[in-house]
Ligand code: ZN
């Protein structure tokens, strides 16, 4: 499934629980339990609420975004059973971003929905973000950034200051630290695989990335996603090769399903006097 043996081993470890701690995923698993991941996710959500994060409540938008994610979770749940996946849409047209919190809570900013051109691109993003949870990158990233003791304290509600800092960083830039190149490649592979399994064109993530690259120069909001999820030509090439080697199929793009939601969000942003990132 992967181009080098260490990454293949890492994924085997994700799939067969309890194998050695010599892989990065294995390490994260021994550092934070599933229950602690869930507690951490709940604390982060509470803090985001406390800090006044604005969520989209329009059922047409939320149900649509969740519906696409549900199709991806069918595959993600096979790779990591027992995750209670949650999807939240943050009302921020200027942020083209999405992030995953340990425990299985995925967040997307409305700016990303407005930047996507079809449902396959959104499906790819959900596949990528759920891949970060399946491979336990999200938990490891937090431990790397804050230290194990602090992260466990946050999960138990004992580190209010660090929790506030963490939630603030997530709301402002969708991440605390950048993921490593290897984590990104791996999450991209999950993204293409899950999108394909749900019947979508697995190249959705690639067309989305290429658009971000093109927009990067003149739009700071696009640069932000790229700094959280570092993107290089190599990364696109890696994903293209992966799709070819694995013979990933799927052709659904469904632009007509995304468009009404996207147009509604753009109209709402304009009515609120906010110029969406995509239209600058
Ligand atoms: Zn990523």
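The values are calculated or read from the model by the stated rules, or taken from the named source; none is laboratory data. Please read these numbers as outputs of a predicted model, since none were measured by experiment. So basically every Cβ, Gly included, is an ideal-geometry build from the backbone, and we count neighbours across all protein chains shown.
When segment 200-224 is filtered for residues that are within 15 Å of the ligand (Cβ to nearest atom), at pLDDT 60 or above and under 18 Å from residue 276 (Cβ atoms), the ones remaining, listed by number, are 208, 212. Annotation note: Cβ proximity below 8 Å between a residue of segment 263-277 that is in a loop (DSSP other than H, G, I, E, B) and a residue that is surrounded by fewer than 17 Cβ atoms within 10 Å (Cβ to Cβ) (sequence gap 6+ or interchain) occurs for 276/270. Within segment 79-97, residues that are free of Cβ contacts under 8 Å to residues at least 60 places away in the same chain sit with their Cβ atoms under 7 Å from residues that are in a loop (DSSP other than H, G, I, E, B), at 6+ positions apart or across chains, in these pairs: 83/104; 84/104; 85/104; 86/104; 89/56; 91/54; 91/56.
When segment 236-249 is limited to residues that are in contact (Cβ under 8 Å) with a residue 60 or more places away in the chain and surrounded by 15 or more Cβ atoms within 10 Å (Cβ to Cβ), the one that is nearest to residue 182 (Cα to Cα) turns out to be 238. May I ask you to verify whether residue 86 is within 18 Å of residue 274 (Cα to Cα) and either touching a helix residue (DSSP H, G or I) at 6+ places or on another chain (Cβ under 6 Å) or surrounded by fewer than 24 Cβ atoms within 10 Å (Cβ to Cβ) (or both)? For residue 86, the condition - within 18 Å of residue 274 (Cα to Cα) and either touching a helix residue (DSSP H, G or I) at 6+ places or on another chain (Cβ under 6 Å) or surrounded by fewer than 24 Cβ atoms within 10 Å (Cβ to Cβ) (or both) - is not met. A Cβ distance below 9 Å, combined with a sequence gap of six or more or placement on separate chains, defines the contacts here; from segment 117-134, residues that are more than 22 Å from residue 178 (Cβ to Cβ) and in contact (Cβ under 8 Å) with a residue 24 or more places away in the chain reach residues that are within 11 Å of the ligand (Cβ to nearest atom) and part of a helix (DSSP H, G or I) in the pairs 120/205; 123/191; 123/205. Counting only helices (runs of 4 or more DSSP H) that fall entirely inside segment 124-202 and contain at least 1 residues that are touching a strand residue (DSSP E or B) at 6+ places or on another chain (Cβ under 8 Å), the qualifying elements are 137-146, 160-173.
Please indicate, with yes or no, whether at least one residue in segment 175-188 is away from the ligand (no atom under 14 Å from the Cβ), touching a residue at least 40 places away in the same chain (Cβ under 8 Å) and surrounded by fewer than 17 Cβ atoms within 10 Å (Cβ to Cβ). Checked segment 175-188: no residue is away from the ligand (no atom under 14 Å from the Cβ), touching a residue at least 40 places away in the same chain (Cβ under 8 Å) and surrounded by fewer than 17 Cβ atoms within 10 Å (Cβ to Cβ).
Residue 141 falls short on exactly one of the conditions (1) within 12 Å of the ligand (Cβ to nearest atom); (2) surrounded by 24 or more Cβ atoms within 10 Å (Cβ to Cβ); (3) farther than 25 Å from residue 256 by Cα, and that condition is (2). Only one of the listed residues (120, 167, 192) is within 15 Å of the ligand (Cβ to nearest atom) and touching a helix residue (DSSP H, G or I) at 6+ places or on another chain (Cβ under 9 Å). That residue is 192. Within segment 57-83, can you find the residues that are in contact with a helix residue (DSSP H, G or I) (Cβ under 6 Å, 6 or more places away or on another chain) and not in a helix (DSSP H, G or I)? The one that is in contact with a helix residue (DSSP H, G or I) (Cβ under 6 Å, 6 or more places away or on another chain) and not in a helix (DSSP H, G or I): 80.
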